[in-house]
Structure formats: structure tokens, C-alpha cells
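The values are calculated or read from the model by the stated rules, or taken from the named source; none is laboratory data. None of these values were measured; they are calculated from a predicted model. Quick reminder, even Gly has a Cβ in these numbers, built from the backbone with ideal geometry, and neighbours come from all protein chains shown. The protein model used for the area step is the full one, side chains on, heavy atoms only, and it has no ligands, DNA or RNA in it. Shrake-Rupley method; radii C 1.70, N 1.55, O 1.52, S 1.80 Å.
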Amino acid sequence: QVQLVESGGGLVQAGGSLRLSCAASGRTFSSYAMGWFRQAPGKEREFVSAINWDGGSRYYADSVKGRFTISRDNAKNLVYLQMNSLKPEDTAVYYCAAGKVAATVPFNYDYWGQGTQVTVSS
């Protein structure tokens, strides 16, 4: 069992930066791939980024490539999403998730956090 808690969301102007954190409970955190997804009002949950268990492989949606960076610290049971050059279209609730593989689809993940709101003003 893994419990996930996101933090770091907030209101930022376009062009600004935020760093999201996801704290995981459980001794098996390092065995899980981690993903970040987001969901805007009226839209489906969409893939943002994923990282495999040791951080050796990272994946990004085209819409965030070059602006967002995913990382993890297995010693601290944390995964991060550094978001730079934010745009109004990045506004959404951001969720972290844990699963067996670093996948781009939500159903591959077994555990989810409660989400953190990111709002980017123009």
C-alpha cells in the first residue's frame, strides 16, 4: 500500500515557475514508477510526466517537454515536478500516481494522491 500526498500548487503568473512535490508513504516507494497527471475542468485526466523506479528513464507529454522536469529522491520518498515557463493552459489539478511501470495512461497506476491545484494567470 502506498499513500501519496501532493503539495506545492498555487497561483502563478504566466511565465512563472512552481515545483510540485509528492510525498509517499511505505517502504516500497523505490520499487514504483511515478507519474504526474493533470485534469482541467470539463476535460479528461491527461498525462504530464513519468519516471521509472530509479530515475533512469523519464517521459514527458509534448505539451510540457522542455518546460517541466520530473525527478525523484528515493531516500526521502519524494517525487518532484519542476514547472517552468508556465502557461494559462497548464491550469489544472495535478495528481501524482504510483504504478509498476512508467506509463502514459492512468489505468496503469495503482495509487493516486488527492491532487493539488495549479492556476496560471495571463
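Looking at the structure I just gave you, is G26 of a type outside the set (A, V, I, L, M), open to solvent by 30 Å² or more (accessible area, probe 1.4 Å), part of a loop (DSSP other than H, G, I, E, B) and at positive phi?
Details: of a type outside the set (A, V, I, L, M): yes; open to solvent by 30 Å² or more (accessible area, probe 1.4 Å): yes; part of a loop (DSSP other than H, G, I, E, B): yes; at positive phi: yes.
Considered against the rule, which asks whether it is of a type outside the set (A, V, I, L, M), open to solvent by 30 Å² or more (accessible area, probe 1.4 Å), part of a loop (DSSP other than H, G, I, E, B) and at positive phi, G26 comes out as yes.
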Failed criterion for M83 (all others in (1) within 19 Å of G8 (Cβ to Cβ); (2) free of Cβ contacts under 8 Å to residues at least 60 places away in the same chain hold): (2)
Residue among R38, R19 that is at pLDDT 95 or above, assigned to a strand (DSSP E or B), open to solvent by 20 Å² or more (accessible area, probe 1.4 Å) and of a type in the set (D, E, K, R): R19
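Could you tell me which residue of the stretch 77-92 is nearest to M34 (Cα to Cα), considering only residues that are open to solvent by 30 Å² or more (accessible area, probe 1.4 Å) and under 10 Å from the mean Cα position of the chain (by Cα)? Spell out how you get there, then give the answer.
Applying the first criterion (open to solvent by 30 Å² or more (accessible area, probe 1.4 Å)) to the stretch 77-92 yields 77-78, 80, 82, 84-85, 87-89, 91.
Cutting the leftovers down to under 10 Å from the mean Cα position of the chain (by Cα) gives us 80, 82.
On the way: Y80: 10, Q82: 14 Å.
Within the stretch 77-92, the match that is nearest to M34 (Cα to Cα) is Y80.
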Index of the failed condition, G9 passing every other in (1) within 13 Å of Y95 (Cβ to Cβ); (2) free of Cβ contacts under 8 Å to residues at least 40 places away in the same chain; (3) not charged (D, E, K, R): (2)
Selection status of L11, open to solvent by 40 Å² or more (accessible area, probe 1.4 Å) and in a strand (DSSP E or B): yes
Residue check for V118: touching a helix residue (DSSP H, G or I) at 6+ places or on another chain (Cβ under 8 Å) and β-branched (V, I, T): yes
